[in-house]
1. If A:ILE134 passes every condition in (1) under 17 Å from B:GLY159 (Cα atoms); (2) more than 10 Å from every other protein chain (Cβ to nearest Cβ) but one, which one does it miss?
2. Could you pull out the residue among B:GLY47, B:GLY25, B:GLY36 that is near DNA strand D (Cβ under 9 Å from one of its atoms), modelled with pLDDT of 95 or more and at positive phi?
3. Which pairs have Cβ atoms under 6 Å, sit 6 or more apart or on different chains, and link a residue in region B:30-47 that is among the aromatic types (Phe, Trp, Tyr) to one that is more than 8 Å from DNA strand C (Cβ to nearest atom)?
4. Could you go through region A:161-169 and let me know if any residue there is among the small types (Gly, Ala, Ser), within 15 Å of the chain's Cα centre (by Cα) and within 24 Å of B:LEU119 (Cβ to Cβ).
5. Residue by residue through region A:190-209, note down the ones that are touching a residue at least 40 places away in the same chain (Cβ under 8 Å) and either at the interface with another protein chain (Cβ under 7 Å from one of its Cβ atoms) or hydrophobic (A, V, I, L, M, F, W, C) (or both).
6. Which ones in region A:94-115 are among the aliphatic types (A, V, I, L, M) and farther than 18 Å from A:GLU12 by Cβ?
7. Report whether or not B:ARG21 is under 24 Å from A:SER27 (Cα atoms), among the charged types (D, E, K, R), under 19 Å from the mean Cα position of the chain (by Cα) and within 15 Å of DNA strand C (Cβ to nearest atom).
8. Provide a single number: the residues in region A:67-111 that are without any contact (Cβ under 8 Å) to a residue 40 or more places away in the chain and β-branched (Val, Ile, Thr).
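The values are calculated or read from the model by the stated rules, or taken from the named source; none is laboratory data. Predicted model only: the values in this text are computed from it and were never measured. FYI the Cβ positions are ideal-geometry reconstructions off the backbone, even for glycines, and counts take in every protein chain you see.
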Protein chains: 2
Amino acid sequence: MELNSKQVTIIETAEKLFADRGYDGTSVRNIAEEAGINVAMISYYFGSKEKLLEALFSYRAEGTTQKLVSMLANKVLNPLEKVNMMIEYYIDKFYNQTSFHKIMSREQVASRRSAIAGLIQGFKKRNQQLIKEIIQEGQKAGYFTKNIDIPILMSTLIGSISHAVTTQHFYREINNLQDMPEDQFQKMMKKKLNAHFKFIFKAILTHEV
Amino acid sequence: MELNSKQVTIIETAEKLFADRGYDGTSVRNIAEEAGINVAMISYYFGSKEKLLEALFSYRAEGTTQKLVSMLANKVLNPLEKVNMMIEYYIDKFYNQTSFHKIMSREQVASRRSAIAGLIQGFKKRNQQLIKEIIQEGQKAGYFTKNIDIPILMSTLIGSISHAVTTQHFYREINNLQDMPEDQFQKMMKKKLNAHFKFIFKAILTHEV
DNA sequence: AAAAACTAAACAAATGTTTGATTAATATTA
DNA sequence: TAATATTAATCAAACATTTGTTTAGTTTTT
């Protein structure tokens, strides 16, 4: 879908507001006001509020799977290095698109918007298939142990990162880090999460620590 | 807060609807209709829709910390056994109160309802403190390694379980398990998650697999 | 008789969407 | 090039519903 600059403005404004207040907690007038446009423009460009959400999903989805595919094709990296790259990729993705992932994490709990549910289902299925291939490659090469439950492994990765990122305001308070600048906090968290998950995945995949 | 049976009906109906459609996606008339009561009864008993949500949180929160405290006090179990009990406890908790945790996981992403945010913050702070004590006990006794990042460890546990439970409809589809009866599916998932997290926690806490 | 529980109806405010008109940009013709 | 026609973009206002809450009265319980 081709988007002009005004459409992008609307989508990105909606993204911010949906992330902060939820889809149902955000009115089209909120979006219009924040984006500095007339309410009618939302219907004019997207048809409806719900289709705006779908447009947002399409907008953010493009190029997601691509990265994983190129990782899989890499012939230089061994399977564990690929897994580590995947971990880095997901952590970066969640931090770089926090607003979008807040919306996504809410929508996937129980989306009454079936078009969105279908899109999310599609991402998940596709990505999980790719990761399965990376892990199976490692198993064939004798790097990884057999009997790895990939859905649960992915749930651990996605669920943990998602939880850590979307609730970081709580962790700032719990650990008295309210005054730490955002970029510094993020840098710290990224580093910690990377080390943490690389350790966990190595333990699970190789049974070595 | 003392609750009569009608108030409990309202709270539990609201819980179900909030979990399925979100707080803002559920109207007081939805709740009234589903609960078979007059709309005015919600204001009459709880004051407002938002205070109903607060009442729901209080209703479900009671006795949560209690279990962890009694676990901590246990003198027979060694620290790793305590950690394993905690894992079992959280997995059971999420499965037994799925609706509530769906609401909670949505609210903690970014709650505009400060009273709720405060309550969640309270739970988290209290529970994390208790778990910290269990782990520190294990470190003093020489069972566990030093330098364990408890917030990230908890994020892994809570985030993963929460994600697995709240998105289990996706995992049914991805793994073609749509036809498996709910209780059988849950039993399977519980078993898998238990084994998975006990393995992970042992690896992190003891550096042994 | 007093208090509590319950109800239908009304309230104002907010919701997503459409209408009908106006302005701006682009294409076509003279 | 200048004038005109056509399409796209923008707007304020109106639309019908739906929202959470309150009122004023009735029924039930104590």
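1. (1)
2. Details: B:GLY25 fails: at positive phi; B:GLY36 fails: near DNA strand D (Cβ under 9 Å from one of its atoms).
The conditions single out B:GLY47.
3. That search, which allows pairs on different chains as well, returns B:TYR45/B:GLN7; B:PHE46/B:LEU52; B:PHE46/B:ALA55.
4. Kept after step one, since they are among the small types (Gly, Ala, Ser), are these residues of region A:161-169: A:162, A:164.
When the remaining residues are screened for being within 15 Å of the chain's Cα centre (by Cα), the result is A:162, A:164.
Subset that is within 24 Å of B:LEU119 (Cβ to Cβ): A:162, A:164.
Yes.
5. Initial filter on region A:190-209 (touching a residue at least 40 places away in the same chain (Cβ under 8 Å)): A:190, A:193-194, A:197-198, A:200-202, A:204-207.
Passing the criteria: A:LEU193, A:PHE197, A:ILE200, A:PHE201, A:ILE204, A:LEU205, A:HIS207.
6. Narrowing region A:94-115 to residues among the aliphatic types (A, V, I, L, M): A:103-104, A:109-110, A:115.
A:VAL109, A:ALA110, A:ALA115, listed by residue number.
7. Details: under 24 Å from A:SER27 (Cα atoms): yes; among the charged types (D, E, K, R): yes; under 19 Å from the mean Cα position of the chain (by Cα): yes; within 15 Å of DNA strand C (Cβ to nearest atom): yes.
Criteria met by B:ARG21.
8. Summing the residues that are without any contact (Cβ under 8 Å) to a residue 40 or more places away in the chain and β-branched (Val, Ile, Thr) in region A:67-111 gives 2.
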